[in-house]
Amino acid sequence: MSKRISDMSYQYLSDTRGKVTGVFIPIQEWNEIKEMLDFQSDPKNQLKFDLLEAFEQMKLMKAGKLAKPKLKDFINEIQEL
């Protein structure tokens, strides 16, 4: 499900060299992510997940926020299934 994560601030964890090693996210967002992953991992829900994602992409395309796929790319993607 292409659910937009809220605009909350994140805290980045880094090692002694300054390399980012992790991210702290608010518990509410973690619960939303976990629920989405649990939903997606159930084979019974995969079709629902794919359809919800497709509808979300269509909304974004209609709003001009996502490029429309070319027919050739769409056909190639289907052939790969």
Across segment 22-37, what is the total count of residues that are acidic (Asp, Glu) and at pLDDT 85 or above? 2
Filtering segment 38-65 down to residues that are open to solvent by 90 Å² or more (accessible area, probe 1.4 Å) and at pLDDT below 85, which residue is nearest to LEU81 (Cα to Cα)? LEU47
Check on GLU29, open to solvent by less than 70 Å² (accessible area, probe 1.4 Å), in a helix (DSSP H, G or I) and among the acidic types (Asp, Glu): yes
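The values are calculated or read from the model by the stated rules, or taken from the named source; none is laboratory data. Just so you know, these numbers come straight off a predicted model, no measurement behind them. The protein model used for the area step is the full one, side chains on, heavy atoms only, and it has no ligands, DNA or RNA in it. Shrake-Rupley method; radii C 1.70, N 1.55, O 1.52, S 1.80 Å.
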